[in-house]
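The values are calculated or read from the model by the stated rules, or taken from the named source; none is laboratory data. A quick note: this is a predicted structure, and the numbers were derived from the prediction, not measured. Glycine gets a Cβ as well: all are built from the backbone with ideal geometry, and neighbour counts include every protein chain shown. These accessible areas exclude ligands, DNA and RNA; they are computed on the full protein's heavy atoms, side chains included. Shrake-Rupley method; radii C 1.70, N 1.55, O 1.52, S 1.80 Å.
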Protein chains: 2
Amino acid sequence: MSSQLDKIFYPKSVAVVGASSKPSTLSWELVNNMLKYGYTGKIFPVNPKADAVHSIKSYPSLMAIKDDIDLAIIMLPRDMVLQAIDDCHKKKITSVVVITAGFKEVGNEGAELEKLLVEKIKKYKIRLVGPNCMGIINTNQNIKMNAAFVLGTPIHGGIGFVSQSGALGAAVLKTVEQNDIGLAQFISIGNKADISGNVVLEYWKDNPDIKVITVYLESFGQPKKFMEITREITKTKPVIVIKSARTAAGMKAASSHTGALAGADTVVDAFLEQGGVIRVNTVDEMFDLAKAFDRSMLPKGNRLGILTNAGGPAILAVDEAEKSGLLIPEISEETKNKLREIAPKEASFNNPVDILPSADAKVYGMATSMMLEDKNIDSLMVILGPPLMYDTAEIACSICRAAKNADKNVTLVLMSQDDIIPKLRKMEAEHPPIFRFPESAARAIGEMWSYKQWQAVPTGKIKHFDVNKAKVRKILNCYKNKGEIYLPFNAVCEVLKSYELPIIDSGFAKYDVNCSVEVAKVLGYPLVLKAVGKDLIHKTEIGGVVIDIHNDEELVRSETRIIDNMAKKGIDKNKLEGFLLQPYVRGGIETIMGVFKDPKAGHLVMFGLGGVYVEVFKDVKFKLTPISDIEAKSLVRSVQSYKLFKGVRGNPPIDFEYVEENLMRLSQLVEDFPEIEEIDFNPFVFSHDREKCKILDARIKVNL
Amino acid sequence: MSSQLDKIFYPKSVAVVGASSKPSTLSWELVNNMLKYGYTGKIFPVNPKADAVHSIKSYPSLMAIKDDIDLAIIMLPRDMVLQAIDDCHKKKITSVVVITAGFKEVGNEGAELEKLLVEKIKKYKIRLVGPNCMGIINTNQNIKMNAAFVLGTPIHGGIGFVSQSGALGAAVLKTVEQNDIGLAQFISIGNKADISGNVVLEYWKDNPDIKVITVYLESFGQPKKFMEITREITKTKPVIVIKSARTAAGMKAASSHTGALAGADTVVDAFLEQGGVIRVNTVDEMFDLAKAFDRSMLPKGNRLGILTNAGGPAILAVDEAEKSGLLIPEISEETKNKLREIAPKEASFNNPVDILPSADAKVYGMATSMMLEDKNIDSLMVILGPPLMYDTAEIACSICRAAKNADKNVTLVLMSQDDIIPKLRKMEAEHPPIFRFPESAARAIGEMWSYKQWQAVPTGKIKHFDVNKAKVRKILNCYKNKGEIYLPFNAVCEVLKSYELPIIDSGFAKYDVNCSVEVAKVLGYPLVLKAVGKDLIHKTEIGGVVIDIHNDEELVRSETRIIDNMAKKGIDKNKLEGFLLQPYVRGGIETIMGVFKDPKAGHLVMFGLGGVYVEVFKDVKFKLTPISDIEAKSLVRSVQSYKLFKGVRGNPPIDFEYVEENLMRLSQLVEDFPEIEEIDFNPFVFSHDREKCKILDARIKVNL
């Protein structure tokens, strides 16, 4: 397969089927772009009506070409596409790009045609890009292929960009060229009839031309697969995804807490984060970051040095750097002394170092070298405010030369003078990433540092606990063919106990004084009393819960109180089937733990702050199952309330190891039983004492 | 005074003192810029060594000029500036800009000189811009003054920009010109020796040329004044401030909870928000917003219509719009039917309306008009992905013409094709704001809608409660000349009772069984027992608090338990001075309420979620005192926990009116007694029952 993708990105010969000799048509533009960009291979226009296209001999059909063809780009009218695929097969072409639109995206008729197209290529073992796409670009100097129909001269670099949207792809091609961003490869995947984002990502994983991967997707075909691929790729190459991508999943009306918290965006966030993907909000952010990864090395630490000729921009840089997790350390006395020899005495020799507007190209270059040698910093941001008397390009060039071959992360902020970039590129083609303002540079460095840390995280192991799987199987079998249902509470308890998930002991008592007192004898005081009834869902709201009951007398009184409360709310006494009695757990922190099954992404486990704060702060995080020990650890640490869990005001930390164990057992449970749709432990009380860590309430929804 | 500022921004004659005849010097550049931009008044270069500067007769001194001079721009070497001010006075010039640097910004010697400069202008009643600034621009067609030394041709528009940083000012001037952003006036205020940001803002308040105010400040001289001015201005004109601005305030080591939460940025956020100011993070964000305010009207509601020729960008637009508080409603059937007549049947007629890449200038123009007539939308975003066969400028022009005179907010997204703007400007000078990508457009519309809502908020009244001010005066007098101290708890209670702030009843008992039992008799059970001692600050951490004590026996046992806990923590028994007894309050929500005195901004009241969650979520907000009834209301509603306060899981809402009353009483207390430095009510328990709303713990720090 990889060789078929090689032929898509690195073809030695390309047939453009449907190449027009009429200027300004799409196919004419595409061939024009290939010629202008200097494609190193051979182009074979196929057009029965033309003798030549762009001065190149044209062929009446694919079969008429004697040479081997690596790649066919089909730009024929829609109804001729299937025939062309047959021709490709006859000509032994197995790599095809279909630019032609009018398929799935226009409705039923088109979708029907696309289905036939897919059947055909599967049969012929052809790999297909598109249909409804805008082409392929490879800037590799041995290929130089601009086989897209957007006019432009992409700058060579290390960025791979895959776009699901043609229009966005076109806009991005314009943007990167305007902003001196170096592209390695571009692919517009259109309707993804065969080659999807996942396929391209896997191909780019080991491609030496690709240093950074950027992705615009509107939908994820296989989110879990995407997570697994990116989790591997991101250990060596950064992957940046623009936020638009969604699964329709979370849109589903959710009935559990966990489900309600698993919004579409939350699920996407979860699996992107789990894959180590950097998610951005805008195209500009995506390429600000991509160019930084492409043009500079990862920082070895989070200490940032700043060199500037003006105070204002440095303040903006410091502000944003601190927000992005960077430190602005003191530079060494040695560096300060060296700087003092070249800069005026009014200069500021503390980080940010301000060498004042009088600094010329020579001083800027020397100061850059001195800062880069400082052992106290890991990254250097050089800011160049519009110099009053000097040529910006000259100073910038001097900075770039000083930064060349530096063993540190370097960024250059030109303060709105990016008009000099074309000039600078001629003077010094290999320059650090250039930013218009310091804020975006600071954010990029911060992201690079986060990414560096992610790379250092070990992969982790999936633990397997010794559980009673057979028993759960047996329980679930009792509800076969019942469809989507909640398990009764006693079944829930049995399931959880089989996986050693610490559901609190409980006893059921009919509404009958002796009955509850008998149950209390077994459980022991203090107790909690809860109303039970099929229609009594929100127990607290109807006054159906009494806590901290100390003796038989209080117990009986509590039963009466619940009946009264229900009466006040106008709830019929007959709805009450009885009472649930549970030991009353004092202290600890109420967390929420759960599972949600996304129709596309599969199961996600959730953890966060529980109790009434669930709805207010939504301080929960998700991860796709199965989760490794490392992922369980990181899940617990990623919620804001981690600070609380660690213990505030003299409290000891909760038993984190036990939290992680429970998350992994939960993960194992849903991996073993995919028919489980939702699980809610709310609250799951944790404290430092493992004996006191208990699930106080649990719900399980299955689809059997 | 206003006439002196008129002479700065609208001078009929300008003397450039120190104008050089040597090209490439700063003063040569400045005169060059004035000439090139077509200043409509008279320029008088003053230079004893030159006969002419830029072909204009030069004068040996100000006195040698016969004409009246409105404005003197001084660009002399530093040590000649004071003499020049004397000359200005002799020439009866009262409006001066000092470009010259080398004053306060370079250290002590310069600061000394600046002090003399200020003394001189105060004496002469001269108003001064600078020193160390880069000049003034006014694009009004009757003035056309570009008296700054950054090369450029500012585009005329309605934006006023005041910058404390010269370098940032210069970069911004480049940015706005590149991005087709219309400037009305620009002022670089440099060291703010006389004219500060506040002065400029007040001047611009009623200036008809200024539609939007943009501000870059690194420091606030008088934050409270700034808040008061902006609170008034923003009722008619938006003010946008870049985030860098800080007060050094919050940096101070804070000892109270309130103080710890009042970080520098929190305080700035608070008074900017209170002034209705829009705070942004980057220069790009600032001008994205400013151009939207300048070139389009405020939306009348939050319903956004989107017209596009490509799906991808529309998805990005919808995502960001929803995040920015906008709705994407269905458009009317009537509009859909009209659109069906001009667009292909494959087009999408639901909002976002996608008229496909085939849409030409005519179709785009018509569709724009149709959408603008739709009653279901308040704003229209027109997105133009790179058209395949057509000229972008032509389509854009057609859209602009259709949008002209529209009674709705309109934005145009050119998807990276901003290179056509110069062409478009010639075709249609009055065009809507243009964005490169839909995300920034959506954010701008969202901000405009928020601003529209802010404008509708009434000003509110400062309530005055009938309190016992004399008693507080008397209490504070007891601690005169003690410096910065915490009031003892009994004094705190007295102060709060004098202002009817509901501190819980309490009694003090020496460590002596009979004593606490006696106190308990007065207060009644259930009780809380707290260890008291000068050095016992963190009572909970040392196990010095027992709650829910029901009878004498439990009380005595609790005393012993506290002693034991202290012993375990190695705390000497002698540190215990006795016990505080308070009624045990069940239920309600723990909030935190407090006051912090910022050295520059003055007092701020704080409110938010209390208890252990203070440190975890920092869910608190601040407002400068005195706070009006409307501000108290908005303060309570601005915290995230408002949702919790409104009642979750069947709980009734807390008594909001009473929360607001307490905030206003607190505000009155610190307004009456500025010597109060910090107040902490933590927790202040609120419930729906006013009788049960109690301050459970309080601290007051004063500086007497």
Measuring from the longest principal axis of the C-alpha atoms of chain B, the long axis of helix B:392-403 (C-alpha) lies at a number of degrees, nearest 10, equal to 70 degrees
With the label set 7 Å along Cα→Cβ, residue A:468 is separated from its counterparts in the other copies, in nm and shortest first, by 6.8
To the nearest 10 degrees, the tilt of helix A:264-274 (Cα long axis) against the first principal axis of the alpha carbons of chain A is 70 degrees
Once Lys and Arg are counted +1 and Asp and Glu -1 for all other residues with Cβ under 13 Å from that of residue B:366, the total becomes +1
Per residue of B:646-652, other chain Cβ atoms within 10 Å number on average 4
Expected integer from the mean partner chain Cβ neighbour count at 10 Å over A:307-318 is 5
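In Å², what does the accessible area per residue of the stretch A:2-210 work out to with a 1.4 Å probe? Intermediate results must be reported in sequence, preceding the final value.
On the way: 7920 Å² over 209 residues.
It amounts to 38 Å² per residue over the stretch A:2-210.
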Judged on accessible area alone, 1.4 Å probe, highest first, A:534, B:510, B:42 line up as A:534, B:510, B:42
Cα-Cα longer than 18 Å, checked against B:36/B:144; B:474/B:510; A:225/A:633; B:22/B:66; A:66/A:91; A:211/A:291, kept in input order, equals B:474/B:510; A:225/A:633; B:22/B:66
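In the stretch B:305-456, what % of DSSP beta bridges are antiparallel (nearest 5)?
Around 10 percent of the beta bridges assigned by DSSP in the stretch B:305-456 are antiparallel ones.
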Carbon/sulfur accessible area of the stretch B:519-577, % of total, 1.4 Å probe, equals 51 percent
Taking every other residue with Cβ under 15 Å from the Cβ of residue A:336 and scoring Lys and Arg +1, Asp and Glu -1, one gets -4
For the stretch A:412-563, dividing by residue count, accessible area per residue (probe 1.4 Å) in Å² works out to 52 Å²
Between chains A and B, total accessible area buried, probe 1.4 Å, no ligands or nucleic acids, nearest 100 Å², roughly 5600 Å²
Taking every other residue with Cβ under 12 Å from the Cβ of residue A:449 and scoring Lys and Arg +1, Asp and Glu -1, one gets +2
With Cα coordinates, the longest principal axis of chain A makes an angle with the long axis of helix A:108-124, in degrees rounded to 10, of 80 degrees
Carbon and sulfur atoms account, in whole percent of the 1.4 Å probe accessible area of the stretch B:1-65, for 53 percent
Taking the stretch B:305-456, the lysine pairs whose C-alpha atoms sit under 26 Å apart (8 or more places apart or on different chains) add up to 28
Per its Cα gyration tensor (rounded if a/c is under 1.5, else prolate when a/b beats b/c, else oblate), the stretch B:2-210 is best filed as rounded
Quick note, chain A: a/c under 1.5 would make it rounded; otherwise a/b > b/c is prolate and the rest oblate (a ≥ b ≥ c, C-alpha gyration tensor); here it is oblate
Bridge orientation stat for the protein assembly as shown from DSSP, antiparallel percent rounded to 5, came to 50 percent
So for the protein assembly as shown, using the alpha carbon gyration tensor with a ≥ b ≥ c as root eigenvalues (a/c under 1.5 gives rounded; past that, a/b versus b/c decides prolate or oblate), I'd call it oblate
For the stretch B:383-471, listing trypsin sites (Lys or Arg not before Pro) in a DSSP loop whose Cβ sees at most 15 other Cβ atoms within 10 Å gives B:404, B:461
So the carbon and sulfur contribution to the accessible area of the stretch B:583-635, 1.4 Å probe, in percent, is 53 percent
Rounded to a whole number, the mean other protein chain Cβ count within 10 angstrom for residues of B:614-621 is 4
